[in-house]
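A.B. asks: Dropping a structure here in structure tokens format, bear with me for questions.
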Amino acid sequence: MATSAAAKPKMKIKKGDQVIVLSGKDKGKTGTVTQAMPKDSKVIVGGVNVATRHRKPTQAEPQGGLVKIEAPLHVSKVAHVTADGRPTRVRFEVQDGKKVRVAVKTGSKIDG
């Protein structure tokens, strides 16, 4: 029996995707994925889930003080956005011998 730790986790949301938040305090907000973390099943979306952190001044950041950073969201809380702005699930299909991502609602290719 294979262990799940050896297998690379798959995520259907990638960096650069336009997504909408499905639940939580930022429900309904849209943004672009700036970072994807497949091992943790999390994504960072620009302008969404912004947290305020207190930072001491350092040589790199001489100002310090209150710094706003985007905190990660679990990938299950976001959905890919179609061209008309509606959320959709994503599935993988093999087309012309290549594995591509396809929007479930519209059936259109997402990348490539």
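The values are calculated or read from the model by the stated rules, or taken from the named source; none is laboratory data. Predicted model only: the values in this text are computed from it and were never measured. No Cβ is skipped: glycine too gets one built from the backbone with ideal geometry, and neighbour counts run over all protein chains shown. Side chains are part of the model used for accessible areas, which takes the heavy atoms of the whole protein and leaves out ligands, DNA and RNA. Shrake-Rupley method; radii C 1.70, N 1.55, O 1.52, S 1.80 Å.
A.B. asks: Along the Cα→Cβ direction, 7 angstrom out, place labels at ALA71 and ASP111. What is the inter-label distance in nm?
C.D. replies: Distance between the two pseudo-spin positions: 2.7 nm.
A.B. asks: Okay, moving on. Please report, in debye to the nearest 20, how large the charge dipole of the chain is about its Cα centre when each Lys and Arg carries +1 at its beta carbon and each Asp and Glu carries -1 there. All intermediate terms of the calculation are to be shown ahead of the outcome.
C.D. replies: Values: 23 positive and 9 negative charges, 48 e Å.
The calculation lands at about 220 debye.
A.B. asks: Equivalent-ellipsoid semi-axes (√(5λ), Cα gyration tensor) for the chain, whole Å, largest first?
C.D. replies: Details: eigenvalues 195, 71, 31 Å².
After diagonalising the Cα gyration tensor, the semi-axes are 31, 19, 12 Å.
A.B. asks: What list of ³J(HN,Hα) values in whole Hz, one per residue of the range 20-31 in order, does the Karplus curve 6.51 cos²θ - 1.76 cosθ + 1.60 (θ = phi - 60°) give from phi, with Gly and Pro shown as x?
C.D. replies: Residue by residue, the range 20-31 yields 10, 7, 8, 8, x, 5, 9, 4, x, 6, 10, x Hz.
A.B. asks: Continuing with the same structure: To the nearest 10 Å², what's THR52's accessible area with a 1.4 Å probe?
C.D. replies: 60
A.B. asks: Same structure, new question: Report the accessible area of LYS12, computed with a 1.4 Å probe over the heavy atoms of all protein chains in place, in Å² rounded to the nearest 10.
C.D. replies: Around 90 Å² of this residue is reachable by solvent.
A.B. asks: Length gain on complete extension for the stretch MET37 to ALA51, per 0.36 nm per residue less the alpha carbon to alpha carbon distance?
C.D. replies: 3.2 nm
A.B. asks: Could you tell me how far the Cα centroid of the range 52-93 sits from the Cα centroid of the range 11-44, in Å?
C.D. replies: The range 11-44 and the range 52-93 have Cα centres spaced 7 Å from each other.
A.B. asks: Say we join alpha carbon atoms closer than 10 Å with springs in a Gaussian network model of the chain; which of VAL48, VAL75, VAL67 then has the biggest fluctuation?
C.D. replies: VAL67
A.B. asks: What are the lysines whose alpha-carbon lies under 19 Å from the alpha-carbon of LYS56, with same-chain residues fewer than 8 places away excluded?
C.D. replies: LYS68
A.B. asks: Residue-wise, which Karplus ³J(HN,Hα) couplings in Hz belong to the range 89-94, taking 6.51 cos²θ - 1.76 cosθ + 1.60, θ = phi - 60°, and x for glycine or proline?
C.D. replies: Result, ordered by residue: 7, 10, 10, 9, 9, 9 Hz.
A.B. asks: Then there is this: Heavy atoms only, 1.4 Å probe, whole protein assembly: order LEU73, LEU22 by accessible area, highest first.
C.D. replies: Output order, biggest surface exposure first: LEU22, LEU73.
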